[in-house]
Structure formats: structure tokens, C-alpha cells
1. 7 Å from Cα along Cα→Cβ at both Arg230 and Arg170: what's the point-to-point distance in nm?
2. Please give the peptides 1-10, 140-149, 118-127 ranked by average Cβ packing (other Cβ atoms within 10 Å per residue), highest first, as a rough proxy for protection.
3. Be a star and scan region 99-133 for residues whose amide nitrogen sits under 20 Å from the point 7 Å along the Cα-to-Cβ vector of Asp21.
4. Which residue, Leu152, Leu207, Val6, has the largest displacement toward the positive end of the dipole of region 3-220 when charges sit on each Cβ (Lys, Arg +1; Asp, Glu -1)?
5. If you place +1 on the Cβ of every Lys and Arg, -1 on the Cβ of every Asp and Glu, and leave all else neutral, what size is the dipole of region 3-220 about its Cα centre, to the nearest 20 Debye?
6. Using a ≥ b ≥ c from the Cα gyration tensor of region 3-220 (square roots of the eigenvalues), is it rounded, prolate or oblate, where a/c under 1.5 gives rounded and otherwise the larger of a/b and b/c decides, a/b for prolate?
7. Could I have the simple spin-label model distance between Arg252 and Met1, label points 7 Å from Cα toward Cβ, reported in nm to one decimal?
8. Using Cα pairs closer than 8 Å and at least 6 residues apart in sequence, work out the relative contact order for region 3-220, in percent.
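Quick note: the coordinates plus some simple rules give every number you see, no bench work behind them. Computed from a predicted model, the values in this text were never measured in an experiment. Because the Cβ atoms are built from the backbone with ideal geometry, glycine has one as well, and the counts that use them run over all protein chains shown.
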Amino acid sequence: MKALVVIPTYNEIESLPTALDRVREHAPEADILVVDDGSPDGTGDYADTRADEDSHIHVLHRSEKNGLGPAYLAGFSWALAAGYELIVEMDADGSHRAEDLALLIQRAEMADEPDLVIGSRWVSGGATEGWDAKRVALSKAGNLYINAMLGLRVKDATAGFRVFRASILRRMDLGKVEALGYGFQVNMTKLVDEIGGRIVEMPIIFLEREAGQSKLSGGIFTEELSLVTRWGVAKRSGQLLDAAKLAGSRLRAARNKRRRATAGYRQQRPTGSSRQKRS
């Protein structure tokens, strides 16, 4: 299947060369789209140079840095217009191993046709390197909260290393995506689940960033927590409303059944005159 690896960048001049080399080595049949948000450090220019040298590499330049979500959505639109069948999300910073990329693509191509393959740190066989116990605990606790609120049944809903089938992206209303930052991953998982998409997880080894500066901030986590809480409350409210409607429907059906039974009994009872005739 025709696969495209979408790599968003902002000031990743130190990381991007290695990321591109590794993808080309481990998934040589896949194409790459670098989505650069106007990096002032020359990342976009470097990506252009690589694209000129390698027909498998493409570049999409965006004029503003307005979040991970909009960058990926721009990449998805480009991929769908170009006719790709599998669209991969992958970081430029070396945290996602290109060795795992080939396995994720292979899983997406299997006969059961999963709509979303998530490279998971928290399924059996998955792991992180360079994380302390506190960071591991926070990530696992966050995913537990996400599942409790949204009922996704996914162990690593926040994972950013994943493969979408183009067909599921076309079925989704991407205009409903609300998250700009790393909450985007949860948002997309939620939308796939809501339309009945098949989600599977594959174990990966998640590495600490090798070069450059992290883009993570407290605001990113605040956004994610706020959105998940709001989505969860809305989901539970909807479930309560549906339960109330179902209970009301069943109550009305029971009443109607009793009324019909009573009416039938009255019709079958003999009248006073008929009892006298029989006597």
C-alpha cells in the first residue's frame, strides 16, 4: 500500500537530517512529507534541499506556527489529495524509532484492515527509554483518566506514532478536531472510535529526544486535560439522557401493554344479561 510519513517540524534543524536518513533506511518504499511551520533556524530550507535530491521526500511550508494538530491536518489533506492509502504520524526528534515504523506499516497492511494502528508504549512489549518513574506514572495515569472519561479501551491514546488508513480519514469529519497541541492525538483517537473505526495497538520503544529543544509545555497538558474532561462530561450526560429516554420508552410500553390486557379482559367478561340467559 502507498504510504506517506508526515513529519511536522519547527526548529528541528538538528534532528531532521537523522530522522530522514533513518526513515529512508528502514522504510525505503514510503514517501515522506515534512510539514514545516516557518522554522527560523533553516529547517524548511534543509527539507527543500533533501526533496530536490530525493523524489521520496516532499515539503509543505506553512506560514504560521499554530500547533501540532493543524500541522498534521494540513499533512493529511496533502496526503489524501495525492492518493496515499496509509498516512503515518512521526516525530522529527528521534523519539520514534524508524525500526518500529516498518512494523507499524506492516500491521496496517494486514488482512484485518485496521483503521488506526497506534505505536503504544503501554501494551505488552512496549517501553520507554530515558524516562524516570514519575514521568512513566504520569503518562499511564493520564491514559487511565482518558479511558475512564471517554471509554476508548486504548492503553496509549496520547501516542503520536501511528498509522491511519486514508479511508478512515475520509469518513471522519476533521472539522470536528478541536485540539491544537498534543491533545490532538486523543482527539483523533476519539473521532475514529466514534465512527466505529477499528483501532489496534503495536508495542514500540519510545526514546528520549536526541537533539534540539522539546516543544512540550504546561499549556499543552492543560489543554488536553480540559478537553478530555469536557468530552467525558458530555459523553456521560449523553449516556444518562439516552438511559432516561430508554427507561421512559420501556415504561410507556409496559403501561400500554397493561391497558391492552385490561381492555381484553373487559371484552371477554360476560355481561349481566348474558349470565341470566345462561341460568
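1. Result: 3.1 nm between the two label points.
2. Details: 1-10: 22.7, 140-149: 16.2, 118-127: 19.0.
My ranking of the peptides, most packed first, is 1-10, 118-127, 140-149.
3. Residues passing the 20 Å test: 99-102.
4. It is Leu152.
5. Working: 22 positive and 35 negative charges, 215 e Å.
I would put it at about 1040 debye.
6. Details: a/c = 1.41, a/b = 1.23, b/c = 1.15.
Here region 3-220 falls in the rounded category.
7. 4.4 nm
8. Working: 390 pairs, mean separation 57.4, N = 218.
Computed over region 3-220, the figure is 26 percent.
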